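Down below is the structure, laid out as structure tokens.
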Amino acid sequence: MSTVRTLISCAANFEWPLYQLDVKNAFLHGDLQEEVYMEIPPGFDTAQTKGKALKLKKSLYGLKQSPRAWFDRFRRAMCKMGYRQCNGDHTVFYHHCNNRVTILAVYVDDIIITGDDTLEIARLKKNLSKEFEVKDLGQLRYFLGIEIARSPKGIVLSQRKYVLDLLNETGMLGCRTASTPIEQNHKLCAQSGDPVDKEKYQRLVGRLIYLCHTRPDITYAVSVVSRYMHDPRSGHMDAVCRILRYLKSNPGKGLWFKRNDHLNIEGYCDADWASCLDDRRSTSGYCAFVGGNLVSWRSKKQPVVSRSTAEAEYRAMSVCLSEMLWLKNLLSELKLGGVYLKLWCDNKAAINIANNPVQHDRTKHVEIDRFFIKERLDDGTLKLSHVASSEQVADCLTKGLGVNECMLACNKMGMIDIYRPS
């Protein structure tokens, strides 16, 4: 999804069209490389077929090999048309001709096409329809449960229908709304209340995880409740219900991609030191912008315990830089720019450690991360800057915020609600 959002940001900045195609019976197009046998289906067995099996020549739905076989067939077809497979994301194919580019991204059987070469796009659609049974869905409107609305001002991604269906299924369409997705200074831990229905809890949290594709404002709250899917308690279920109540207040809120006439990559990283009450691990959060639009974000508990705030911030900085470098490589391979990297951090100690080449005992716990970041600073790829905590965009990805801070964070991330009456 980060790749899809990056392509949408490029389309918004360059005013490219966005088209969608659907491949009918995609898995049936796959060619099997292995020998696979199946039992004779019920109703087709006769006296002559007793004790025999069928050898498959093509893939079928239900086979573990089907997705790989289908994508291998699709890849070979795209390469035959003169397209190159992107190394940054193997589901992206691109074609350059006379300083014009055509980009195709595929997710199972859903295809997105964008670029500034209109003749090549028309030729691509024609060739795909010859190779596979393809349905042209026109302009991109609805992709993987995500609604896309476009105007001369920009592109908006939202999951309003998904949210309303979720509220309807849980019986919370008429619930009282909440102003924030999680309580400020919450004290959730493993023993927060009595055990609840595990299957129901996991299903709810799983649906909320998918909703995070267009709702970075609930990412931290969903990250917290997903830590207890193995043993959910009543306190955890209350936190899930609060997220649903927050969604009820603005079901149509989504990401806005506007034209900024550049493809610079900027990142914000933050960490909340020893925030988990169960094991005292810190929470990392980062968000990355391409062309002034939010395309990637994450909120996750760190895998090891950090001994200081600076150490926790440094680990978050390293993860954010990795994501930014991946975005830079992706855009560079597509020849779209993205050379300029700027990372914002609100911890001066972590910035000083990055800029200071002297090895200290207190930095040996993050030695690999330190060399990783210092290498990028030395070769001029990265510019590291300090940002005030009040301007830290990633703050909402590491802790629960108050009402005003939550609204401010949504505005900084470019979230709007086009369904709200003006």
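The values are calculated or read from the model by the stated rules, or taken from the named source; none is laboratory data. What you are looking at is a predicted structure, and each value in this text was computed from that prediction instead of being measured. A quick note on method: Cβ atoms are made from the backbone with ideal geometry, for glycine too, and the neighbour counts reach across all protein chains shown. Areas reflect the complete protein model, heavy atoms only, side chains present, ligands, DNA and RNA absent. Shrake-Rupley method; radii C 1.70, N 1.55, O 1.52, S 1.80 Å.
Okay, here's what the table says:
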item: Subset of region 55-69 (residues that are open to solvent by less than 60 Å² (accessible area, probe 1.4 Å) and either touching a His at 6+ places or on another chain (Cβ under 9 Å) or outside any loop (DSSP other than H, G, I, E, B) (or both)); result: Ser59, Ser66, Ala69
item: Residue check, Asn411 at pLDDT 90 or above and in a helix (DSSP H, G or I); result: yes
item: Condition broken by Arg281, with the remaining ones in (1) modelled with pLDDT of 95 or more; (2) under 28 Å from Glu313 (Cα atoms) satisfied; result: (1)
item: Residue that is nearest to the chain's Cα centre (by Cα) [pool: residues in region 381-422 that are open to solvent by 60 Å² or more (accessible area, probe 1.4 Å) and more than 27 Å from His186 (Cβ to Cβ)]; result: Ile418
item: Some residue of region 239-258 being over 19 Å from Gly414 (Cβ atoms), more than 15 Å from the chain's Cα centre (by Cα) and open to solvent by 70 Å² or more (accessible area, probe 1.4 Å); result: no
item: Some residue of region 36-54 being aromatic (Phe, Trp, Tyr), open to solvent by less than 40 Å² (accessible area, probe 1.4 Å) and within 40 Å of the chain's Cα centre (by Cα); result: no
item: Verdict on Cys175 being in contact with a Lys or Arg (Cβ under 7 Å, 6 or more places away or on another chain), of a type in the set (A, V, I, L, M, F, W, C), assigned to a loop (DSSP other than H, G, I, E, B) and open to solvent by less than 70 Å² (accessible area, probe 1.4 Å); result: yes
item: Which numbered condition Arg150 fails, given (1) closer than 30 Å to Ser66 by Cα; (2) open to solvent by 70 Å² or more (accessible area, probe 1.4 Å); (3) in a strand (DSSP E or B); result: (1)
item: Extreme residue, nearest to Ser332 (Cα to Cα), among residues of region 92-115 that are open to solvent by 50 Å² or more (accessible area, probe 1.4 Å) and either in a loop (DSSP other than H, G, I, E, B) or of a type in the set (Val, Ile, Thr) (or both); result: Asn99
item: Unique residue being at pLDDT 90 or above and out of contact with any helix residue (DSSP H, G or I) (no Cβ under 7 Å at 6 or more places or on another chain) when the list is Val101, Val92; result: Val101
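For every residue, the table says whether it meets (1) assigned to a helix (DSSP H, G or I); (2) in contact with a strand residue (DSSP E or B) (Cβ under 6 Å, 6 or more places away or on another chain); (3) more than 27 Å from Ala12 (Cβ to Cβ).
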{"site": "Ser318", "(1), (2), (3)": "yes, no, yes"}
{"site": "Glu323", "(1), (2), (3)": "yes, yes, no"}
{"site": "Leu327", "(1), (2), (3)": "yes, yes, no"}
{"site": "Leu331", "(1), (2), (3)": "yes, no, no"}
{"site": "Leu336", "(1), (2), (3)": "no, no, no"}
{"site": "Val339", "(1), (2), (3)": "no, no, no"}
{"site": "Lys342", "(1), (2), (3)": "no, yes, no"}
{"site": "Ala349", "(1), (2), (3)": "yes, no, yes"}
{"site": "Asn352", "(1), (2), (3)": "yes, no, yes"}
